[in-house]
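Read the figures in this text as sums done on the coordinates, not as results from a lab. Bear in mind that the values here come from a model prediction, so they are computed numbers and not experimental data. When we count neighbours, we look across all protein chains shown, and the Cβ atoms used for this are built from the backbone with ideal geometry, even at glycine.
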Amino acid sequence: MPRRSDTPPEPQSSERFHEGRATFTMTGSQPDLDTGVAAIREVVQTLPSTPGVYRMLDARGDVLYVGKARALKNRVTNYTAVDRLPLRLKRMVAQTRSMTIVTTKSEADALLLEAQLIKRYRPPYNVLLRDDKSFPFILLRDDHDFPRIMKHRGARKAQGKYYGPFASAGSVNTTINALQKLFLLRSCNDGFFARRDRPCLLYQIKRCSAPCVGRIDKADYEELVSEARDFLGGKSTAVQKKIESQMNAASEALDFERAAMLRDRLRAATFIQGSQAINAEGLGNADIFAMATKAGQVAIQAFFIRGGQNWGHRAFFPSHTEGLAEGEVMQSFLAQFYEEVPPPRLLLLDRALPEGALLCEALREGAGGTVEIAIPQRGDRRRLIEQASRNAVEALERRQAESGAKAKVMRELAEFLELAEIPQRIEIYDNSHIQGTNALGAMVVAGPEGFLKNQYRKWNIKRPDTAPGDDFAMMREVFSRRFGRAMEEDPDRQNGTWPDLVLIDGGKGQLTAVRETLEELGIEDLLLVGVSKGPDRNAGRETFHFVDGRELDLPVNSSVLFHLQRLRDEAHRFAIGAHRDKRSRAITASPLDEIAGIGPARKRALLLHFGTAGKVRAASLEDLQCAPGVSSAVAQTVYDFYHPGS
């Protein structure tokens, strides 16, 4: 079932995009090919012959498909010639009831917008890049006298130089650890740096030069930063030769302590280069992609090369690829992949793309210059493509083997629960608190292929009638809020967010509380199962409680038991983590947070000047006005808060 899509605003670039919408009223409730064709013909009458992007929408307004066109009128007209359409597109046309049109300045702009909208709406008839995790980068900040090296995810708003992407958090963490040994750059935040009066542990283990306490001056630190930029920018050999020369000079001068330090730095540089899985020396900045297909599934292997160094590799498994040419799948994948990741100047592929020149034109702005797509036929570059192809085949085979094992477990789970079909959405609930404080409820979601982390939710327990520490009442509050909202937003259960199975971390009491809460909402058909640990809370001897009073066990070596334990443990992990975050925020909270109009900067200024919140409370109006960064109006606000009616 297609996901229901809210309609956020389009990219704010009116010079490049112009949106319009055309709607055709559905004449029947059953999707019908003739009705869909009629809806499309109605739209075609108003379409221009200019570049743009179109969205096919169903009767509920959900996006079925996003496409781009050099000439919108010509492209959309093709969907009315149903005899020439493959079965997949006939099904899409039969569901179409309206369209949204966005015109663009060029076909390249249309390609970029198409990728953005596919990632936003995830339509069921588009090739989808099934990976919503942002890639980590190394950030070398330059907004401080002593720049900091750090891992970064998300929008690149901080001032500094970004190096990446890296394939995983593990690869970037390993590289940063080695870079700290190599260049002794600080990784602490500016607040920690400003408060130090003696070196921290990183200085003791030779992973920082301790600029915070003056163990290195600014000029020498800037030299280390310059070497780090050269190393990350591809000049690793020159940096190694420089360090080796300095080490030999220190040894000849009998400065053995400095020589030993330089030797350790040289070993760190060697470690980084030795950890490369492939030899990409001389390649500069490039990404390598190769595809493997088998039994209707697709794997695309990517290698990320920056400065001649391999910064990791990752396999991707795009979905909705049935009936599409391999080159078309690869092109759609690349357009979505580079929608968030800055492209390098060179892409090495194992196959030609149907519109390779257009993709290069679209990627030019993100790359800061011309992008080249090459299909190597011989030499070192061809060997890299062959290595990526082997990795793609192996990744696909592992994926299919894992999918087969998962499918078997899911079938056995359905049999254990006496379900007619494999559950497509499983929700698992747990609570977390310490003696009733900082209490919250948590929900994790799993599907046939694993956890759906973008759908996890947490609820702060806040109702006055929920007694602190009452697990049963906490469950009641969580379920009344979760399914009360579901009844308001999707009473017909059409948007795919209603669970087929609900697991509750708890026994009879929690299960009864949940059942009664749902019955009050008029919900009596959800499959509820409580999971309680066995005697002495022995994991591995869980008992499964059903609303009809049954209590079932599974053999200790059952794959279904292991799967259910993993689901329950993930809910427990998420709940504990959310509780710890909430508790940490409560510990660091200040009474000043309650004063309207006092933001972080003014709160910091007051605390730095007076020392504690208590001293701020006791301060006179004149003392508050003397605090740096605090205006007379703010001082009056703070004073009035603590001295109402004075």
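Over region 36-138, how many pairs of lysines fall under 27 Å by alpha carbon, counting only those 8 or more apart in sequence or from different chains?
The result is 10.
Straight distance only, please: which lysines reach the Cα of Lys241 with their own Cα at less than 19 Å, same-chain residues fewer than 8 apart left out?
Lys181
Obtain the nm distance between the two label points defined at Val556 and Met487 by a simple spin-label model: each point lies 7 Å from its Cα along the Cα-to-C-beta direction.
The modelled label-to-label distance comes out at 4.4 nm.
Calculated FRET efficiency, His643 and Arg541, Cβ-Cβ r, R0 60 Å, to nearest 0.05?
For R0 = 60 Å, the calculated efficiency reads 0.45.
How long is the gain from Asn454 to Ala219 if the chain were fully straight, where each residue apart is worth 0.36 nm and the alpha carbon distance is subtracted?
This chain segment gains 80.0 nm when fully extended.
If you rank Tyr221, Tyr642, Tyr54 by fewest surrounding Cβ atoms within 10 Å, what's the result?
Tyr642, Tyr221, Tyr54
At R0 = 45 Å, how high is the FRET efficiency between Lys241 and Gln377 if r is their beta carbon distance? Nearest 0.05 is fine.
That pair, Lys241 with Gln377, gives E of 0.85.
Let me check against my output: what whole-number percent is the relative contact order of region 83-233, with C-alpha pairs under 8 Å and at least 6 apart?
Relative contact order, region 83-233: 16 percent.
Give me the number: length gained by fully extending Leu87 to Glu365, i.e. 0.36 nm times residue separation minus the C-alpha to C-alpha distance, one decimal in nm.
Length gained between Leu87 and Glu365: 96.4 nm.
Can you tell me the dipole magnitude for region 419-472 around its Cα centre, using point charges on the Cβ only (Lys, Arg +1; Asp, Glu -1), in Debye to the nearest 20?
280
Would you order Trp459, Trp311 from fewest to most other beta-carbon atoms within 10 Å of each residue's own beta-carbon?
Trp459, Trp311
How large is Rg over Rh for region 17-121, taking Rg from the Cα atoms and Rh as the Kirkwood inverse mean of 1/r across Cα pairs?
Rg divided by Rh gives 0.95.
Is there a quick way to get the dipole size of the chain? I mean about its Cα centre, with the Cβ of Lys and Arg at +1 and of Asp and Glu at -1; what is the value in debye to the nearest 20?
Dipole magnitude for the chain comes out near 1500 debye.
With only Lys, Arg, Asp and Glu charged, each at its Cβ (+1 for the first two, -1 for the last two), find how big the charge dipole of region 137-274 is about the Cα centre; round to the nearest 20 debye.
Rounded to the nearest 20 debye, it is 600 debye.
Put a dot 7 Å past each Cα toward the Cβ at Asp145 and Lys105; how far apart are the dots in nm?
Rounded to a tenth, the inter-label distance reads 4.4 nm.
State the extension gain, in nm to one decimal, for the chain segment bounded by Gln297 and Ile523, taking 0.36 nm per residue of separation less the distance between their alpha-carbons.
This chain segment gains 77.5 nm when fully extended.
By count of other Cβ within 10 Å, fewest leading, how are Glu489, Glu107, Glu449 ordered?
Final ranking by Cβ density, sparse to dense: Glu489, Glu449, Glu107.
For the chain, state the semi-axes of the equivalent ellipsoid (square roots of 5 times the eigenvalues of the alpha-carbon gyration tensor), sorted largest first and rounded to whole angstrom.
For the chain, the semi-axes come out at 45, 40, 30 Å.
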